[in-house]
Amino acid sequence: MAKKIAVFGSAFNPPSLGHRSILERLSHFDQVLLLPSYAHAWGKNMLDYESRCNMVNAFISDLSLPNLSLSRLEEEIALKDQPVTTYDVLNTLQKTDPEVELTFVIGPDNFLSFSKFYRANEILAKWQVLACPETVPIRSTTIRDNIVKNRPISHLTTPGVVKIIHCERFYAH
């Protein structure tokens with residue numbers, strides 16, 4: 001039987017309990033790749049890639065879900081600061097292991113705009129796409145807003161992510 005891999009791309013700017021609410025429902029996959037955006041296709045303003053990868057690693061440790069792993073594939077296939085598309089990611093993963101069964105997991109923020117994705121119809125034709133709304137409506141934007149307003153964030157993300165944000169003073173203006 002083919003290995004089943006879910007690919008969950010996000011800015012993870014920072015990882016939130018909304019992300020967790022999606023990931024907890026992906027236990028039926030052999031592996032779930034958390035793929036931070038290297039250069040966002042729609043020009044989203046984000047913390048640097050390394051900082052977001054560090055937060056994703058802390059997030060994964062905090063969640064203790066055995067099938068989660070950080071993937072830095074976008075960084076590996078990026079050409080300078082050009083955006084990396086979902087199509088490129090899935091295509092690269094499929095070429096690496098032609099037998100693997102890939103599912104692209106899309107969150108609520110991208111579900112309604114999926115038709116704008118580069119080669120959206122080809123993605124739908126070649127791979128599974130799983131729309132997975134968050135069951136906990138906590139967004140990264142809320143975390144960043146709370147930081148700017150000097151409000152607590154420990155109820156919005158995991159302890160490891162909170163520690164990194166506070167130690168590095170991310171998002172403080």
Item to complete: Take the chain, drop everything but the C-alpha atoms, weight them equally and run the Debye formula without solvent; then report log10 I(q)/I(0) at 0.10, 0.11, 0.16 Å⁻¹ to two decimals.
Response: -0.36, -0.44, -0.95
Fill in: Under 19 Å from the residue 135 label point (7 Å along Cα→beta-carbon), backbone N, the range 151-170
156-158
Worksheet item: If you add up the charges near residue 50, with Lys and Arg at +1 and Asp and Glu at -1, over every other residue whose beta carbon is less than 13 angstrom from its beta carbon, what do you get?
Response: -2
Worksheet, complete the sentence: Of the accessible area of the range 1-92, computed with a 1.4 Å probe and all protein chains kept, carbon and sulfur make up a percent value of 46
Worksheet entry | Directionally averaged projected area (convex hull, Cα atoms, the range 69-114), nm² | 4.1
Fill in: Alpha-carbon centroids, the range 2-16 and the range 81-155: separation in whole Å
7
Fill in: Distance violations [Cα-Cα > 26 Å] among 95/163; 3/126; 4/95; 80/149; 3/116; 80/163
95/163; 80/149; 3/116; 80/163
Practice prompt. Please find, in a Gaussian network model of the chain (springs between Cα atoms separated by less than 10 Å), the residue of 122, 134, 24 whose mean-square fluctuation is greatest.
Written response: 122
Worksheet entry | Average accessible area per residue (Å²) across the range 1-80 - probe 1.4 Å, nucleic acids and ligands excluded | 45
Worksheet item: Can you tell me the accessible area per residue over the range 111-173, all protein chains present, probe 1.4 angstrom, in square angstrom?
Response: 68
Item to complete: Any chance you could tell me what percent of the C-alpha pair distances in the range 127-173 go past 12 Å?
Response: 66
Worksheet item: Loop-only check: which trypsin sites (Lys or Arg not before Pro) in the range 3-61 are DSSP coil with at most 16 other Cβ within 10 angstrom?
Response: 3, 25, 44
Worksheet, complete the sentence: Taking only the alpha-carbon positions of the range 20-115 as identical scatterers, the Debye log10 I(q)/I(0) at q = 0.23 Å⁻¹ comes out as -1.54
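The values are calculated or read from the model by the stated rules, or taken from the named source; none is laboratory data. If you're wondering where the values come from, they're calculated on a predicted model, not measured in any experiment. Here Cβ is always computed from backbone atoms with ideal geometry, including for glycine, and neighbour counts include all displayed protein chains. All accessible areas refer to the heavy atoms of the entire protein, side chains included, with ligands and DNA or RNA removed. Shrake-Rupley method; radii C 1.70, N 1.55, O 1.52, S 1.80 Å.
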